[in-house]
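Bear in mind that the values in this text are calculations on the coordinates, not laboratory data. Keep in mind the model is a prediction, meaning the values are calculated, not measured. Don't worry about glycine lacking a Cβ; one is built from the backbone with ideal geometry, like all the others, and counts go over all protein chains shown.
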Amino acid sequence: MHHPALRTCSALLALSLSLIARADTPDALPEGATGLVPKPGWAYKQEAVAAANPLAAAAGARILREGGNALDAAVAVQMALNLVEPQSSGIGGGAFLMLFDGAKVVAWDGRETAPAAATADMLLRPDGRPMNVADGEGRVVATPGVLAMLQAAHAKHGRLPWAQLMQPAIELAEQGFAVSPRLNKLLAQDRLLVKDEQSRSYFFDAEGKPWAVGHVLKNPAFAAVLRRVAELGAAALQQGVVAKDIVRRVQARQGVLTAEDLQAYQPLQREALCATWRQQYKVCGFPPPSSGQLTLVQVLKLLDYGGAPSTPLQANGLPSAEWLHRYAEASKLAFADRALYIADPAFVPAPAGDWQSLLDDDYLKRRAALIGTQSMGQAVAGQPRSAVTALAPQRDQPEFGTSHISVIDAQGRGVAMTTTIEAAFGARIMSDGGTGLAGGFLLNNQMTDFSLRPREADGRLVANRIEPLKRPRSSMSPTLVFDAKSGRLLMSLGAPGGPAIISFTAKTVLATLAWGLTPQQAIDLPNVLSMNTGPLYLELGQWPAELQQQLRERGHQVQQSELTSGLQAIRRMADGRLLGGADPRREGIVSGR
């Protein structure tokens with residue numbers, strides 16, 4: 001018999017696309033909802049690849065069968081995603097990659113950087129108000145980093161030749177792939193992409209309508225670019241004809257990206273940020289400029305210290321109102337610290353000189369003591385180790401897309417990589433790489449992940465403001481979980497979703513490791529989101545009216561929203577099996593053997 005938590009999934013999956021109402025949706029959410037498809041969960045004996053599209057997962061599984069390791073597979077998955085899920089990630093964007101090579105955990109930073117000519121107020125209107133994303137046009141494009149990062153990581157940790165990893169995507173681009181229901185729906189919802197000539201000629205028919213579901217879409221321009229990448233590596237994107245085409249298109253739309261920016265980009269190898277949780281698990285994630293790991297671990301520990309019920313699931317498979325209240329309050333406290341302190345560490349020092357100060361148990365116990373029986377309203381940031389800052393907290397503003405890849409190979413090595421071009425379809429600027437052929441790849445709009453307001457009215461600066469060559473703060477939370485005693489890799493997971501990534505990932509960690517659900521059961525659970533800047537969001541149609549009323553009685557402003565996550569997770573069980581889960585809200589699967 002299924003776990004009670006799956007009873008909620010049956011109701012969730014019964015909602016047809018035509019019945020999904022467009023509820024009030026937090027600006028922070030990424031791509032639109034496109035329906036719900038039941039996922040069975042997967043079990044494999046040797047290796048597994050979880051990705052947001054079946055063709056991309058198949059590319060990774062193929063590389064594993066050919067003798068590649070987890071990192072090799074992730075590279076192949078990313079190249080395929082650029083084709084089949086172009087709205088979310090690609091070589092025109094950036095990524096954070098967590099890698100366990102069998103001995104140590106490494107964090108590879110392929111986050112985009114602000115162009116050298118960027119200025120703090122470049123995305124403000126003359127009246128001082130932030131621009132809309134569309135108004136920024138080429139100004140929103142940051143220097144791409146994912147390809148340079150993957151090549152650098154592969155040079156140290158890869159097994160198969162680099163060129164071999166490009167082959168699945170090259171074949172897919174040349175032979176074509178069927179337009180999926182999600183891509184078709186998102187194209188139909190987008191009103192800006194059709195204005196870009198290269199994008200219009202690729203994604204839309206002669207009448208300006210998106211290609212129908214099942215239409216075989218070929219991308220000869222991307223195939224040609226990947227052949228150059230196979231030969232030259234990231235240099236193919238950073239200089240020469242591809243770079244010239246990128247710069248030409250961006251500058252034609254008021255952007256400041258230059259050929260020098262592309263050529264100068266350097267990926268970074270960072271120290272993974274790990275924390276022990278419940279003495280049993282070591283949770284490892286990405287350090288700043290990502291806010292994901294710090295905020296996620298804060299939420300986990302604040303729940304433990306803040307009186308949350310240890311077994312929150314009720315007979316209906318849902319967490320109780322009491323647990324949701326405590327979760328919402330813990331999230332507020334964590335997001336308050338995030339808004340004030342976290343930014344690119346090359347530009348902003350950690351509070352008290354150490355990012356771990358935000359995870360100190362004594363500090364989090366003091367913060368958890370603020371959680372009472374009623375909503376605290378909007379939380380304010382704390383002072384870890386008595387840190388003092390003259391910075392202003394960043395105001396709430398939209399953050400968007402991404403995709404997630406998880407891989408565990410037969411030798412127990414693992415990858416968790418979250419990858420992005422920011423909003424759905426990024427800056428809506430497509431480069432053909434100078435080939436003159438149809439298709440190509442989309443460029444990011446990652447500059448909008450900086451604080452659009454560089455300072456407050458009182459003159460205090462915001463940590464995450466735009467500065468030349470700076471990396472924007474992210475919420476991406478690629479997560480690897482280990483047994484704290486043996487060091488054995490237990491889990492790889494992550495999600496898309498702007499700042500909601502943190503909540504989606506925390507839900508899955510809690511539900512699998514603390515509540516005993518399988519990855520699929522955990523992912524299927526309805527989403528909840530509290531970010532300290534608005535209502536407590538509950539996934540549309542998934543929470544009983546009585547529970548919502550109980551939350552309102554605790555002082556919460558409750559609002560329903562579509563909360564379209566895209567979680568991917570793989571968990572290694574004690575018997576060695578790999579259990580995989582993929583989000584029913586998107587098209588992902590888990591492939592393996």
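In table form, for the structure just shown:
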| item | result |
| --- | --- |
| Cα-only Debye scattering, the stretch 297-437: base-10 log of I(q)/I(0) at q = 0.14 Å⁻¹ | -0.91 |
| The stretch 467-529: projected area of the alpha-carbon convex hull, averaged over directions, in nm² | 5.9 nm² |
| Antiparallel bridges, percent of DSSP beta bridges restricted to the stretch 490-581 (to nearest 5) | 70 percent |
| Per-residue [θ]222 nm for the chain (sum of -39500 (n - 2.57) over DSSP H runs n ≥ 4, rounded to 500) | -9500 deg cm²/dmol |
| Peptides 458-469, 497-508 ordered by average Cβ neighbours within 10 Å, highest first | 497-508, 458-469 |
| Globularity ratio of the stretch 443-549, using Cα Rg and 2.2 N^0.38 Å | 1.39 |
| Mean Cα-pair separation over length for the chain, i.e. relative contact order, pairs under 8 Å, 6 or more apart, % | 27 percent |
| For peptides 484-493, 211-220, sequence by mean Cβ density within 10 Å, most packed first | 484-493, 211-220 |
| Cross-link partners of Lys244 among aspartates and glutamates (Cα-Cα below 12 Å; sequence separation of 8 or more within a chain) | Glu260, Asp261, Asp432 |
| Equivalent-ellipsoid semi-axes of the stretch 245-333, from the Cα gyration tensor, Å, largest first | 43, 19, 10 |
| Bridge type composition, the chain - antiparallel percent by DSSP, nearest 5 | 90 percent |
| P(r) histogram, all alpha-carbon pairs of the stretch 99-256 included - 5 Å bins from 0, percent | 2, 7, 12, 14, 16, 18, 15, 10, 5, 1, 0, 0 |
| For the stretch 498-593, average projected area of the Cα convex hull in nm² | 7.1 nm² |
| Kirkwood hydrodynamic radius of the stretch 214-293, Cα pairs, Å | 16.3 Å |
| All Cα pairs of the stretch 119-195, percent lying beyond 18 Å | 69 percent |
| Fewest-first ranking of Glu562, Glu207, using other Cβ atoms within 10 Å as the exposure measure | Glu207, Glu562 |
| The chain: projected area of the alpha-carbon convex hull, averaged over directions, in nm² | 24.0 nm² |
| Relative contact order of the stretch 29-126, pairs being alpha-carbon contacts under 8 Å that are 6 or more residues apart, as % | 15 percent |
| Cα-based equivalent ellipsoid, the stretch 127-169: semi-axes from gyration tensor eigenvalues, Å | 38, 12, 6 |
| Å³ per residue enclosed by the Cα convex hull of the stretch 371-435 | 294 Å³ |
| Distance from the stretch 333-390 to the stretch 424-440 (C-alpha centre basis), Å | 41 Å |
| Violating pairs (Cα-Cα greater than 27 angstrom) within the set Lys39/Lys301; Lys301/Lys485; Lys45/Lys185; Lys218/Lys507; Lys195/Lys470 | Lys39/Lys301; Lys45/Lys185; Lys218/Lys507; Lys195/Lys470 |
